[in-house]
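The values are calculated or read from the model by the stated rules, or taken from the named source; none is laboratory data. Keep in mind that what you see is a predicted model, and the values were worked out from it rather than measured. So basically every Cβ, Gly included, is an ideal-geometry build from the backbone, and we count neighbours across all protein chains shown.
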Amino acid sequence: MKKIVLFLIVVIISVHSSFSQKREDKKILSFESRSKQLTNATGWVQNKLTGKWISNKNVIDDKKTNKISISHRPQNFTSIQFCKIIDDDKTHYILSYIKASGEYKYPSIYEDWESESRNYFFVVDSVQYSKIKSEVDLKSGKNIYIKSKIYGYITDRFKILGGEHAYTEKNLLAKITNTLKNQRYTEDCFVLNYQTIDGLDVVRFRLPEGCKYNKTKISTRYFEVNTKEFKKIFLE
């Protein structure tokens, strides 16, 4: 009889334990290292009508821009750098860049544009990252397409609300952590071209966008920067 009672007690405790769960916060990844920032590149566009090349600092636009219009242009930035994270012993490299952006308060009638700052991330594996680094010294003049389904951004639009809306590195890392587990169905492409022009080594690139779009635009709409300056965003 005692054995039966003891057996029942063990069963009850086991069943209760199987339904018990401790409250544990989800693990958020952290940056293992970060590169220096690229903060200056020339955006070049060949105007379709006149054929004239137009240049702007840190933005690709077919006319001279001002502070108000920059946020309307998808290809712009204030800083670019690479960061490294490790998830389950797998190394990921993040192209992290900050840009001006915004949305219309009334999008159906395109009224009341509200500017904001966004911190974008574009995650690549070690193979893709090595390709970015190894191709730079070849100066082949060929377009290099780096693809990823792991990308996104955080915005300062709702930072006044705090918490998960705060425009912080902590929330950026949380967004990256979630996106690693829930990749997108479509790929974006980071396009680069290393070449020598008039004896000067340069890098031409477009920030990540839809692959098909970026492939058609790289010949006439791109950022250009001295190769030595671009290399400072490399890690290791």
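Which is assigned to a strand (DSSP E or B) and among the hydroxyl-bearing types (Ser, Thr, Tyr), of Tyr145, Tyr213?
Tyr145
Return a yes/no flag: does segment 60-74 have any residue that is in a strand (DSSP E or B) and within 21 Å of the chain's Cα centre (by Cα).
no
Quickly run through segment 180-206 and pick out the residues that are in contact (Cβ under 8 Å) with a residue 12 or more places away in the chain and among the acidic types (Asp, Glu).
Glu187, Asp188, Asp201, listed by residue number.
Name the single residue, out of those in segment 139-151 being among the aliphatic types (A, V, I, L, M) and closer than 16 Å to Phe205 by Cα, that is surrounded by the fewest Cβ atoms within 10 Å (Cβ to Cβ).
Ile144
Hey, can you tell me all the residues within segment 39-59 that are in a strand (DSSP E or B), loosely packed, with under 15 Cβ neighbours inside 10 Å and in contact (Cβ under 8 Å) with a residue 40 or more places away in the chain?
Gln46
Is at least one residue of segment 96-105 over 17 Å from Tyr167 (Cβ atoms), modelled with pLDDT under 95 and assigned to a strand (DSSP E or B)?
Scanning segment 96-105, I find at least one residue that is over 17 Å from Tyr167 (Cβ atoms), modelled with pLDDT under 95 and assigned to a strand (DSSP E or B), so the answer is yes.
Which number in (1) surrounded by fewer than 20 Cβ atoms within 10 Å (Cβ to Cβ); (2) over 19 Å from the mean Cα position of the chain (by Cα) marks the one condition that Tyr194 misses?
(1)
Go through segment 104-129 and count every residue that is surrounded by 13 or more Cβ atoms within 10 Å (Cβ to Cβ) and under 20 Å from the mean Cα position of the chain (by Cα).
Number satisfying all stated conditions: 13.
How many residues are of a type outside the set (Lys, Arg) and free of Cβ contacts under 8 Å to residues at least 12 places away in the same chain if we restrict to segment 101-136?
Looking only at that region, the number is 11.
Looking at Ser108, Ser115, Ser140, Ser130 in this structure, which one is in contact with a Ser or Thr (Cβ under 6 Å, 6 or more places away or on another chain) and either of a type in the set (Ser, Thr, Tyr) or assigned to a loop (DSSP other than H, G, I, E, B) (or both)?
Only one candidate qualifies: Ser115.
So for segment 95-112 (the condition being touching a helix residue (DSSP H, G or I) at 6+ places or on another chain (Cβ under 9 Å) and over 29 Å from Ile150 (Cα atoms)), does at least one residue qualify?
Within segment 95-112, none of the residues are touching a helix residue (DSSP H, G or I) at 6+ places or on another chain (Cβ under 9 Å) and over 29 Å from Ile150 (Cα atoms).
Conditions first: (1) closer than 18 Å to Ile146 by Cβ; (2) part of a loop (DSSP other than H, G, I, E, B). His92 passes all but one, so which condition is the exception?
(2)
Kindly indicate the residue of segment 60-93 that is more than 27 Å from Gln46 (Cα to Cα), in contact with a Leu (Cβ under 9 Å, 6 or more places away or on another chain) and β-branched (Val, Ile, Thr) and also surrounded by the most Cβ atoms within 10 Å (Cβ to Cβ) among those meeting that condition.
Filtering segment 60-93 for residues that are more than 27 Å from Gln46 (Cα to Cα), in contact with a Leu (Cβ under 9 Å, 6 or more places away or on another chain) and β-branched (Val, Ile, Thr), the one surrounded by the most Cβ atoms within 10 Å (Cβ to Cβ) comes out as Ile85.
If Ile86 satisfies all but one of (1) of a type in the set (A, V, I, L, M); (2) assigned to a loop (DSSP other than H, G, I, E, B); (3) touching a strand residue (DSSP E or B) at 6+ places or on another chain (Cβ under 8 Å), what's the number of the condition it fails?
Result: Ile86 fails condition (2) only.
Between residues in segment 217-232 that are over 16 Å from Ile60 (Cβ atoms) and crowded, with 16+ Cβ neighbours inside 10 Å and residues that are hydrophobic (A, V, I, L, M, F, W, C) and modelled with pLDDT under 95, which pairs lie under 6 Å by C-beta distance while being six or more apart or on different chains?
none
Please determine, by comparing only the residues of segment 152-185 that are in contact with a Leu (Cβ under 9 Å, 6 or more places away or on another chain) and part of a strand (DSSP E or B), which one is surrounded by the most Cβ atoms within 10 Å (Cβ to Cβ).
It comes out as Ile154.
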